[in-house]
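The values are calculated or read from the model by the stated rules, or taken from the named source; none is laboratory data. From a predicted model like this one, the values you see are computed outputs, not experimental measurements. Cβ: placed from backbone, ideal geometry, glycine included. Neighbour counts: every protein chain shown. Accessible surface areas use protein heavy atoms only, side chains included; no ligands, DNA or RNA. Shrake-Rupley method; radii C 1.70, N 1.55, O 1.52, S 1.80 Å.
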Amino acid sequence: MIIKRVFGIALILIGGFLAYGLVGAFSRMLHGEKTIATIVNIEKVTDKYKKFDKPSYSYYPILRFIYKNKTMQLMDRSRSGTKKEVNSKIEIYYSEKDGISRGFTAFELILSIISLAFISAGLVALFKSK
């Protein structure tokens, strides 16, 4: 009986942690202004950690867009990019407080389903009577 309650509490905590992370990801989309951005370049950034005693690199797109009648040019560190993407246009959400978001993705949909499943399974484990 006690194991079932501990398991239920653990599921609720894990589901809540996933839901909290999703709320942070969605806040950029909800509070940001939707605009069209152009990928103008891909910047090579040296990572802090080395792989096999060699430096590793990440490739981030440089986005140019208009926000409040100003042309903004920012690096999007949320996703990597390739040279094939240069001069392509994408929809983004931008706010000065939260930064750049590219919108709702399949990954966030899957995480929200998993979060709801964990929370509901935890509630069932806690409150189900024999």
- Query: Considering the range 96-124 alone, what residues qualify as being touching a residue at least 40 places away in the same chain (Cβ under 8 Å), aliphatic (A, V, I, L, M) and more than 16 Å from G15 (Cα to Cα)?
  - Reply: I100
- In the range 95-116, which residues are among the small types (G, A, S) and either open to solvent by less than 50 Å² (accessible area, probe 1.4 Å) or part of a strand (DSSP E or B) (or both)? S95, G99, S101, G103, S112, S115
- Looking at I92, is it in a strand (DSSP E or B), of a type outside the set (G, A, S), crowded, with 16+ Cβ neighbours inside 10 Å and within 15 Å of the chain's Cα centre (by Cα)? yes
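Going by what's in this entry, would A10 be described as surrounded by 14 or more Cβ atoms within 10 Å (Cβ to Cβ), of a type in the set (G, A, S) and more than 19 Å from Y94 (Cβ to Cβ)?
On the way: surrounded by 14 or more Cβ atoms within 10 Å (Cβ to Cβ): no; of a type in the set (G, A, S): yes; more than 19 Å from Y94 (Cβ to Cβ): yes.
In short, no.
For the range 48-64, indicate whether the set of residues that are touching a residue at least 40 places away in the same chain (Cβ under 8 Å) and assigned to a strand (DSSP E or B) is non-empty. Working first, answer last.
So in the range 48-64, the residues touching a residue at least 40 places away in the same chain (Cβ under 8 Å) come out as none.
No, the range 48-64 has no match at all.
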- Task: Tally the residues that are under 14 Å from S101 (Cα atoms) and charged (D, E, K, R), restricting the search to the range 16-63.
- Result: 3
- Sort out which residues of the range 1-38 are hydrophobic (A, V, I, L, M, F, W, C), in contact with a strand residue (DSSP E or B) (Cβ under 6 Å, 6 or more places away or on another chain) and not in a helix (DSSP H, G or I), and write them in order of number. I36, A37
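For the range 86-123, how many residues meet the condition of being of a type in the set (D, E, K, R) and in contact with an Asp or Glu (Cβ under 9 Å, 6 or more places away or on another chain)? Write out each step before concluding.
First, pick out the residues of the range 86-123 that are of a type in the set (D, E, K, R): 89, 91, 96-98, 102, 108.
From what's left, in contact with an Asp or Glu (Cβ under 9 Å, 6 or more places away or on another chain): 102.
Selection size over the range 86-123: 1.
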- Report, by residue number, each residue of the range 72-89 that is free of Cβ contacts under 8 Å to residues at least 24 places away in the same chain and open to solvent by less than 100 Å² (accessible area, probe 1.4 Å). M72, R79, S80
